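Colleague: Okay, handing you the structure first.
The values are calculated or read from the model by the stated rules, or taken from the named source; none is laboratory data. Note that the structure is predicted; figures quoted are calculated from it, not measured. Glycine also receives a Cβ, built like all others from the backbone with ideal geometry; neighbour counts cover every protein chain displayed. The protein model used for the area step is the full one, side chains on, heavy atoms only, and it has no ligands, DNA or RNA in it. Shrake-Rupley method; radii C 1.70, N 1.55, O 1.52, S 1.80 Å.
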Amino acid sequence: MKRRPRFLPVDLNRSALVGAAIVLLVIVLSVLVPLLSPYDPVAATGPALAAPGGQHLFGTDQLGRDVFTRTFAAGRLDLILALVGVSAPLLVGTFLGAVLGTTRNRLVAWLWLMVIDAINAFPFVVLVIAIVAVVGPGVTGLLIGLAAVNWARYARIARSRALILRNADFVEATRVLGYSRLRVLVRHILPNVYSETIAYGLSDFVIVVLTVSSLSFLGAGVNPPTPEWGAMIADGRLYLQTQWWITVFPGLALSFTAIGVALLAHGVSGRYAGEK
Amino acid sequence: MSGPLLEGRDITVRFGRGADAFEAVRDASLTLHPGEIVGVVGESGSGKTTLARVLVGLQQVASGAVFLEGQPVVEARSRESVPKNERWKVQMVFQDPYSSLNPRMRAWSAVAEALQVWREMTRNQARMEAFTLLQSIGIDESQARRFPKALSGGQRQRVSIARALAPEPKVLIADEPTSAIDQSAQARLANLLRRLRSERNLAILFISHDLALVRYLTSRVHVMRRGRIVESGPTEAVLRKPRHSYTRILLDSLPGRRGEAISNRRGEAISNRRQERRFPAADGSGGF
Amino acid sequence: MEAESPILRVENLCIGVPRRRRGLLSIVDTADFQLRRHQALGVVGESGSGKTMLCRALMGTLRRHGAGVASGRILYRERDLAGAGEKVWRRIRGRRIGYVPQSSLAGLNPVLTVRTQLTEAIHAAREASATEAEDQALQLLELVRIPRSGQVLEMRSHELSGGMRQRVMIAAALAQEPEILIADEPTTALDVTIQREILNLINRLRERLKMALIFVSHDLAVIEEVCDSVMVMYAGASVEIGPLEAVVRHPRHPYTRALLASRVDLAVPGEDLETIPGDPASVGAWPSGCRFRPRCPLAEDDCREGVQPPLAPAGLQRTACLHHDRMGCDP
């Protein structure tokens, strides 16, 4: 707890650098491969179940679709889903939590806190599945489900941080200076709360990527034939012992991304926690 | 101006309820006039910080009241303390310079914000004025562009003072502003407070556990112990001829030559004591 | 005379923190002093002057804080400890050199009773049965003048007041009857009345146990109470060292003089206090030549050259100032 860095760390450490490089590679490939590939990711473009080779770098799946193109087309979708699935709850949850942590209206704060605790009490994936089941599967359903559950985590972190900040000298000083409550919230509380929730958001990114994939694997996520890592792994698992490439390549891409983000998160939150 | 600028009358602050209730401040009264520095001395737990918080409206009172220019601004059971449009008049400097500045705001920006809110300045005007104000208390432009973590304790304390001065207040409550900073920075801060008093006709309440500083800075002093003001009066008189036994204990506890400067009689006693203790080997003959 | 041979000699000690790529970051360099038996040396300096790092070096705990001795010697009874490993230090630390940390909760383990912590220290010093150790623990508490020592023995740190806690920490430091006691700002967080009691206690103990004392503080007034000699540190360097009276009455370094002049206890109300222009040199950004040069009224061109000047004899003390002969005699 020695020093707090600025908004985002400028000097990343080694773990963060390696993580950032991995994530960047995945992003670049996910953008470029579907654009440059001669194959359509959702159409049969060759013989079914062809082994990896010259024509099809990662082989083809049971419907003759190119696994290489599909893996990176899936990457694009997964990354966008995770980005939205993290940033929307991050923004909403942080703001709500900060307001709850500073409000003087105890009844309202108590009611909101009940909701937050109720949501957080459920296992994350279970609750998302329940909501997707109501809204209907697909990209929209998945996003609604993620956002509806995930904000509560951010809100709890933001609230406890704001509770501490509320009694910090520099916030007391704003009271003596007679600043409006909105000003105090926006200029003094929120910037200091965000530093905390953003650090959590980075590690949450991995959880969300994995959640999206597992939901699709379970059939509660992205609809076929849209390429998605979890869905692809689910599709290929019947052929795992003979045509391993259908499962292994999206699986590798998923693990690779998860490791990259985790490294980045570790490095960055390490900076936030003040350790070297 | 006939009456006092700021007056605290019979202030009592209670924490907790029922059997656990604890009175942090009990029946404390004090006044502040323009252009004077008044001291409050006491040890930890004496209630001096709580009293300061009452005077700026951060702490509700159980009984008693605070009057600003004759008008009551803090009273028992009043929900909203000092009225919003009056708040600029009484400002505060906090004890810990490491927590009293927003870590995500550059020094100039903290000052400019107060200027924008109270002095109806545009962004640019406030920015220029903030640099000028900081300059006047010894924070140069490059330091003003830094975040608090890149400033020393003494520099941060000066930034907080600049922020408190931005609304051009009439009263400054300084709660142990020197206790967390180095000695040479302390001296600088003490000079600054004296200058502000004379240049701006500012009334300053200087709260400290350091009798030597209080003697140097203040004209009147209140000694607090366990929530009560046990002795009040002109600083010189109180420190030269303390009437309350606790004031005497505080004086006797001062280390080094502090006591000597305040009361010569006592000072001799201290240096005699030191002579007796001295070991023969320490005659300075060798070793250095 | 035995008393004249120093038990601790620190010669040109440099302490650094290794940095990735950019070599060593110096935190202390040219710390230079010696300590005779029964001597009480005050170390005074502002934050960032390196006094805490110096204590850590003398306790052999630098490595735990990611630092190390870069050069120089720490001679304890003619034995160089500068490069000593943990094994050697374990025999020195506590037994030969005791340590009283800053008065804070951190000094005592919050989950252990005073009894456990004291007997632990006693067992570390010598073979003792449980009852012997407990007897000694009680004696130690009485030595540091803790009333109702039997009750205090069963308490944990949060049940003790700040002053009591500090007494217990002193008792723990004395358990192994060290020859040298290092106290790092032991009264800084305490109220003046409690500070007075602790200072008196340290004085009494030192006389009774004939210990040497290294007392670190940012406050010269406190050092005047317990020490007979003083070392002034600025930006990681010893700038002046000598008998207390000599240094306080006739400082031979401009920094010492400025420090004395800025003392509020000797100031006349109504007159401005003297201040030191500029800001303290920060670690990693020390100026060339004499580190105090940018803030020094006596600075000349030759102060700019080379490295921090070493201590040289001047009067009864030693000073690092090249131009001390131009200083007036009174502070």
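Colleague: Give the residues of the range B:24-50 that are more than 19 Å from B:VAL171 (Cβ to Cβ) and in contact with a Phe, Trp or Tyr (Cβ under 8 Å, 6 or more places away or on another chain), sorted by residue number.
Modeller: B:ALA24
Colleague: On the given criteria, is B:ARG53 closer than 26 Å to A:THR174 by Cβ, open to solvent by 10 Å² or more (accessible area, probe 1.4 Å) and charged (D, E, K, R)?
Modeller: Working: closer than 26 Å to A:THR174 by Cβ: yes; open to solvent by 10 Å² or more (accessible area, probe 1.4 Å): yes; charged (D, E, K, R): yes.
Yes; evaluated as a whole, the condition is true for this residue.
Colleague: Scan the range A:125-155 residue by residue and report those that are of a type in the set (Gly, Ala, Ser), at pLDDT 85 or above, over 18 Å from A:SER87 (Cβ atoms) and open to solvent by less than 60 Å² (accessible area, probe 1.4 Å).
Modeller: Within the range A:125-155, A:ALA130, A:GLY141 qualify.
Let's see how each residue does on (1) touching a Ser or Thr at 6+ places or on another chain (Cβ under 7 Å); (2) open to solvent by 30 Å² or more (accessible area, probe 1.4 Å); (3) among the acidic types (Asp, Glu):
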position: A:SER37; (1), (2), (3): yes, no, no
position: A:ASP40; (1), (2), (3): no, yes, yes
position: A:THR45; (1), (2), (3): no, yes, no
position: A:GLY54; (1), (2), (3): no, yes, no
position: A:GLY59; (1), (2), (3): no, no, no
position: A:ARG70; (1), (2), (3): no, no, no
position: A:ALA73; (1), (2), (3): no, no, no
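Colleague: Anything in the range C:243-262 that is out of contact with any Pro (no Cβ under 9 Å at 6 or more places or on another chain) and facing chain B (nearest Cβ under 10 Å)? List them, or say none.
Modeller: Scanning the range C:243-262 gives C:PRO243, C:LEU244, C:GLU245, C:ALA246, C:VAL247, C:TYR255, C:SER262.
Colleague: Sticking with this one: Would you check if C:GLY66 is free of Cβ contacts under 8 Å to residues at least 60 places away in the same chain, on the phi > 0 side of the Ramachandran plot and open to solvent by 10 Å² or more (accessible area, probe 1.4 Å)? Outline the logic, then answer.
Modeller: Working: free of Cβ contacts under 8 Å to residues at least 60 places away in the same chain: yes; on the phi > 0 side of the Ramachandran plot: yes; open to solvent by 10 Å² or more (accessible area, probe 1.4 Å): yes.
Considered against the rule, which asks whether it is free of Cβ contacts under 8 Å to residues at least 60 places away in the same chain, on the phi > 0 side of the Ramachandran plot and open to solvent by 10 Å² or more (accessible area, probe 1.4 Å), C:GLY66 comes out as yes.
Colleague: Only one of C:GLY72, C:GLY94, C:GLY85 is without any contact (Cβ under 8 Å) to a residue 12 or more places away in the chain and either open to solvent by less than 50 Å² (accessible area, probe 1.4 Å) or small (Gly, Ala, Ser) (or both); which?
Modeller: On inspection, the qualifying residue turns out to be C:GLY85.
Colleague: Give the residue that is farthest from the other protein chains (Cβ to nearest Cβ), with candidates limited to residues of the range B:187-206 that are closer than 15 Å to C:GLY270 by Cα and open to solvent by 20 Å² or more (accessible area, probe 1.4 Å).
Modeller: B:GLU199
Colleague: Still on this model: Quick one: which strands (runs of 3 or more DSSP E) lie wholly within the range B:28-104 and hold at least 3 residues that are more than 9 Å from chain A (Cβ to nearest Cβ), touching a Pro at 6+ places or on another chain (Cβ under 7 Å) and of a type in the set (A, V, I, L, M)?
Modeller: The strands (runs of 3 or more DSSP E) meeting that bar number zero.
Colleague: Looking at the range A:56-92, which of the residues that are touching a His at 6+ places or on another chain (Cβ under 8 Å) and assigned to a helix (DSSP H, G or I) is nearest to A:SER30 (Cα to Cα)?
Modeller: Across the range A:56-92, the extreme among qualifying residues is A:PHE68.
Colleague: I would also like to ask the following. What about C:VAL283, is it surrounded by fewer than 23 Cβ atoms within 10 Å (Cβ to Cβ), β-branched (Val, Ile, Thr) and within 11 Å of chain B (Cβ to nearest Cβ)?
Modeller: Judged against the criteria, C:VAL283 is not a match.
Colleague: Working only within the range A:156-183, note down all residues that are in contact with a helix residue (DSSP H, G or I) (Cβ under 8 Å, 6 or more places away or on another chain), more than 10 Å from chain B (Cβ to nearest Cβ), open to solvent by 10 Å² or more (accessible area, probe 1.4 Å) and not hydroxyl-bearing (Ser, Thr, Tyr).
Modeller: A:ARG156, A:ILE157, A:ARG159, A:ARG161, A:LEU163, A:ARG166, A:ARG181
Colleague: Follow-up question, since we're still on this one. Restricting attention to the range C:183-197, and to residues there that are under 16 Å from the mean Cα position of the chain (by Cα) and crowded, with 24+ Cβ neighbours inside 10 Å, which single residue is farthest from the other protein chains (Cβ to nearest Cβ)?
Modeller: Checking each candidate, the answer is C:ALA183.
Colleague: Separate question: Within the range C:210-221, how many residues are under 13 Å from C:ALA40 (Cα atoms) and either surrounded by fewer than 19 Cβ atoms within 10 Å (Cβ to Cβ) or within 9 Å of chain B (Cβ to nearest Cβ) (or both)?
Modeller: 1
Colleague: When the residues of the range C:235-256 are filtered to those that are surrounded by fewer than 24 Cβ atoms within 10 Å (Cβ to Cβ), in a helix (DSSP H, G or I) and in contact (Cβ under 8 Å) with a residue 60 or more places away in the chain, which remaining residue is farthest from the chain's Cα centre (by Cα)?
Modeller: Taking the candidates together, the pick is C:ARG249.
Colleague: Restricting attention to the range B:207-243, which residues are closer than 20 Å to B:VAL171 by Cβ, open to solvent by less than 10 Å² (accessible area, probe 1.4 Å), among the β-branched types (Val, Ile, Thr) and outside any helix (DSSP H, G or I)?
Modeller: B:ILE207, B:VAL221
Colleague: Note down all Cβ pairs under 7 Å where the first residue falls in the range A:40-55 and is in a loop (DSSP other than H, G, I, E, B), the second is open to solvent by 70 Å² or more (accessible area, probe 1.4 Å) and of a type outside the set (Ser, Thr, Tyr), and they're at least six residues apart or on different chains.
Modeller: If the second residue must be open to solvent by 70 Å² or more (accessible area, probe 1.4 Å) and of a type outside the set (Ser, Thr, Tyr), the pairs left are A:ALA44/A:LEU63; A:GLY46/A:GLN55; A:ALA48/A:LEU63.
Colleague: Within the range C:133-148, restricting attention to residues that are of a type outside the set (Lys, Arg) and over 29 Å from the mean Cα position of the chain (by Cα), which residue is least open to solvent (accessible area, probe 1.4 Å)?
Modeller: Top of the filtered list is C:ALA133.
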